[in-house]
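I have placed the structure first, in the form of structure tokens, so that the comments after it can refer back to it.
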Amino acid sequence: MSITVAPSRSTPTQDFVAEIAGIDLAQPLKPADRDAIEDAINRYAVVVFRGQKLSDAQQIDFSAQFGPIHSSAQRARHQGIKHRLERTEIADISNLDGEGKVLEANAKRRLDWLANRLWHTDASFRAIPGALSLLYAHVIPDEGGDTEFADMRAAYDALDTAAKNKLDGLVAIHSIWHSRGQLDVDKNKYTAEEQASLPPVPQRLVRTHPGSHRKSLYLAAHASHIEGMPIPDGRLLLMDLMEHAVKPPFVHAHKWREGDLVIWDNRCTMHRARPFDTTKVRDLRRVTTRDVAPTLEQAA
Ligand code: OGA
Ligand code: MN
């Protein structure tokens, strides 16, 4: 059986989101299939596999075929608690505590996790940011909880030349404390050591994807201001770009089914979780691969 790649959201000029079928990701990955998946990611930026059955170890093994794995930053800012999942390569995207019970309304990890509802790209707040994220669905609530994706290549392409020129060479400052601050998550919930573990980092505002050579905006709720600009000016520029980038033509909503594995490319997309009844269980687990270098050390 060979794999098939079928676009789920494409226009003649814009490829975004494809469904890949004909492959069992729990089995050892054939080099030709690996390459076909990588080509699809380079072209579409978001790819969906349905009906998979993966243990944490299998999800990690599959993910490692696409690059070195970023150890989850969750552990850096949630020290001294019992984590539900043993493997440090996996970020626990569920609303469950260390015992597997639904998190209390004011639990620190829940309030931190709610920031996934803001448009972002994974780990842009780390010097070497995330490349691919591979999110696997164990338990999905009956209603709500979609994940939306925004195509930052299409958003860049849609800017006029004057806007593109204005953005050329700009550097944004990203910090996890900025995204949590937007929700007024109490910083005192984090120890001094947790806060110090994730300092602000600079990232290019426009980057070129190494696989497709397409330019894209690199934005996230983590981005607070622009280097060398008064903070309010930079903040307003980021707010305007955000508003532009998440317009309907650039956005796709993924409706989860248990057994879905979705891969997105953090270098050229943003995503956000949509609301659901958080007293119900939603158990998703994520592996993210590490980019090759800080964006300022990569080609503009
Ligand atoms: C993530 C994330 C969104 C969601 O896993 O990085 O932001 O819908 N998830 O859970
Ligand atoms: Mn995320």
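FYI, it's all coordinate maths here, none of it is from the lab. It should be emphasised that the depicted structure is a prediction, and the values quoted were computed from it without experimental measurement. When we count neighbours, we look across all protein chains shown, and the Cβ atoms used for this are built from the backbone with ideal geometry, even at glycine.
Charging the Cβ of each Asp and Glu at -1 and of each Lys and Arg at +1, and nothing else, the dipole of the chain about its Cα centre rounds to 240 debye.
Considering only 124, 16, 175, the residue lying farthest towards the positive end of the dipole of the range 4-290 is 175, judged by Cα position with unit charges set on Cβ.
Short-range pairs are left out: with C-alpha atoms under 8 Å and at least six residues apart, the relative contact order of the range 118-259 is 40 percent. Ordering 189, 166 from the fewest to the most neighbouring beta carbons within 10 Å gives 166, 189. Within the range 160-231, the ratio Rg/Rh, alpha carbon atoms throughout and Rh by Kirkwood, equals 1.07.
Take the Cβ atoms of residue 197 and residue 231, set R0 to 30 Å, and the FRET efficiency comes out at 0.80.
Note on the chain: with a GNM built from Cα contacts shorter than 10 Å, the maximum mean-square fluctuation among 148, 193, 89 falls on 193.
A full extension of the chain between residue 107 and residue 189 corresponds to an added length of 28.5 nm, given 0.36 nm per residue minus the alpha carbon distance.
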